[in-house]
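Beneath this line is the structure, given in structure tokens, with notes to follow.
The values are calculated or read from the model by the stated rules, or taken from the named source; none is laboratory data. As the structure is a prediction and not an experimental result, all values here were calculated from the model. Note that we place each Cβ from the backbone using ideal geometry, even for glycine, and neighbour counts take in every protein chain shown. Please note that ligands, DNA and RNA were not included when accessible areas were found on the heavy atoms of the full protein model with its side chains. Shrake-Rupley method; radii C 1.70, N 1.55, O 1.52, S 1.80 Å.
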Amino acid sequence: MQRRIFQLAIVFLWSSLPLVAVEYTQMWNQLPARMATHFNAAGEANGWMTRGEAVNFGVGFVAFLLVIFTVLLLYNARNRVDGFSWAALGFCALVLGVMVDVNRGIVNYNLHGSPLQLGTLLIALPIAAILLIVIYIVSRRGPALASSVTLSAELLVEETHSGRAAALFILPALIGLVFAASAVPAPALRLSLALVGLLGLATIAAAWSGFQYRFLRHGLEIRALGFRLRSIPRQQIQSYAIEPWSARRGYGIRGVGNSRAYVWANKVVHIKTLNGDIFLGHSDPQRIVRDLDRVMGH
């Protein structure tokens with residue numbers, strides 16, 4: 001029953017497509033032949049299209065988003081519909097709502113010269129994105145393998161895999177974002193950039209301190225900044241081996257579906273589990289293998 005309701009909710013998202021089309025078609029004869037369709041941070045027009053190009057682009061871009069969102073939502077909920085599935089659906093609905101409002105604003109600007117009012121939406125999007133990331137991690141990390149009371153008895157060894165070089169690489173982008181936020185005249189956009197900057201700052205802190213791997217008697221826990229990202233019970237581990245990791249696969253927390261990587265370097269230990277593949281980065285992967293051997297009792 002829940003899956004059917006979820007699927008109907010995805011179908012409901014597609015109502016955003018005719019909403020965008022109606023915005024243009026209702027006022028078609030009143031719209032100028034050359035429409036302002038792109039605006040700078042101050043809300044001033046700096047790009048134009050014909051009426052036909054504007055409606056084709058507006059409707060086409062929303063249709064593109066709908067196809068991507070539908071595929072991703074159905075793929076994520078292929079096994080079960082959980083809290084993250086609904087959170088992802090809500091985020092997609094918010095993005096589509098932004099697109100409907102943007103196109104409405106473009107029409108009103110060209111009809112009446114009304115400035116685009118996107119302050120609330122610009123603030124809501126980064127907040128929603130951060131909440132979605134948190135919900136995803138919490139919903140996929142599994143139960144804790146040891147409490148604070150039993151940790152001393154359960155813990156075999158703890159390893160750290162830091163990415164300080166990556167943190168230094170991210171820092172210039174964050175500094176550039178700060179300068180961009182200070183130059184933006186719109187308060188809402190400045191606050192939106194500040195929220196993105198906070199997320200970047202958290203990423204730098206996580207990379208600098210690194211991933212912490214706790215090897216316990218009953219499995220493995222992966223943490224960052226003191227927050228538990230993933231638990232892997234011992235009985236789910238099928239095999240593990242050292243593998244190379246290429247830069248094109250990315251760094252940090254990577255992966256979709258049942259595959260997840262925690263990597264800041266080009267050496268990993270590939271752990272195959274009953275629930276998918278886990279990749280643990282480390283400068284000395286042999287240590288990770290030895291630690292896993294202790295967990296498995298080898």
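F227 sits among other residues whose Cβ lies under 12 Å from its own Cβ, and their net charge, with Lys and Arg +1 and Asp and Glu -1, is +3. Counted residue by residue at 0.36 nm each, then reduced by the alpha carbon distance between them, the extension gain from I5 to A144 reaches 46.9 nm. When the solvent-accessible area of region 73-208 is split by element, carbon and sulfur atoms take up 72 percent of it, the probe being 1.4 Å.
Between V98 and Q286, the C-beta separation translates, for a Förster distance of 41 Å, into a calculated FRET efficiency of about 0.25. Mean separation of Cα pairs under 8 Å and 6 or more residues apart, divided by the residue count, gives region 132-246 a relative contact order of 33 percent. Kindly list the residues of region 121-151 that lie in the label zone of A202, defined by a backbone N under 12 Å from the point 7 Å along the Cα-to-C-beta vector. Of the residues in region 121-151, 126-138 have backbone N under 12 Å from the label point off A202.
Compared with the dominant principal axis of the Cα atoms in the chain, helix 83-112 is inclined by about 20°. Take the alpha carbon gyration tensor of region 118-232, find the square roots of its eigenvalues, order them as a ≥ b ≥ c, and report rounded if a/c is under 1.5; if not, report prolate when a/b exceeds b/c, else oblate. Note, shape of region 118-232 comes out oblate.
Protection proxy ranking of 239-245, 228-234, by the mean of other Cβ atoms within 10 Å over each peptide's residues and highest first, is 228-234, 239-245.
Across region 197-298, C-alpha contacts under 8 Å between residues 6 or more apart give a mean separation that, scaled by the residue count, equals a relative contact order of 21 percent. Under a model in which nothing but the beta-carbon of Lys, Arg (+1) and Asp, Glu (-1) is charged, the chain shows a dipole of about 660 debye around its Cα centre. What distance in nm separates the two pseudo spin-label positions at E159 and L274, each 7 Å out from Cα along the beta-carbon direction? Going from the E159 label point to the L274 one covers 2.4 nm.
Descending by average beta-carbon neighbour count within 10 Å, the peptides 58-71, 262-275 line up as 262-275, 58-71, the highest first. Gain on full extension, evaluated as 0.36 nm per residue between R294 and A247 minus their Cα-Cα distance, stands at 13.9 nm.
Full extension of the segment from M27 to S114, taken as 0.36 nm per residue of separation minus the current Cα-Cα distance, would add 29.8 nm.
Of all DSSP bridge pairs formed entirely within the chain, close to 90 percent run antiparallel. Region 1-71 and region 225-298 have their alpha-carbon centroids 42 Å apart. Per residue, the solvent-accessible area of the chain (1.4 Å probe, heavy atoms of protein chains only, all protein chains present) comes to 54 Å². A Förster radius of 22 Å, combined with the Cβ-Cβ distance separating F179 from F61, puts the computed FRET efficiency at roughly 0.15. Simple spin-label estimate for R254 and A194 gives 3.5 nm between the two label positions (7 Å along the Cα-to-Cβ direction from each Cα).
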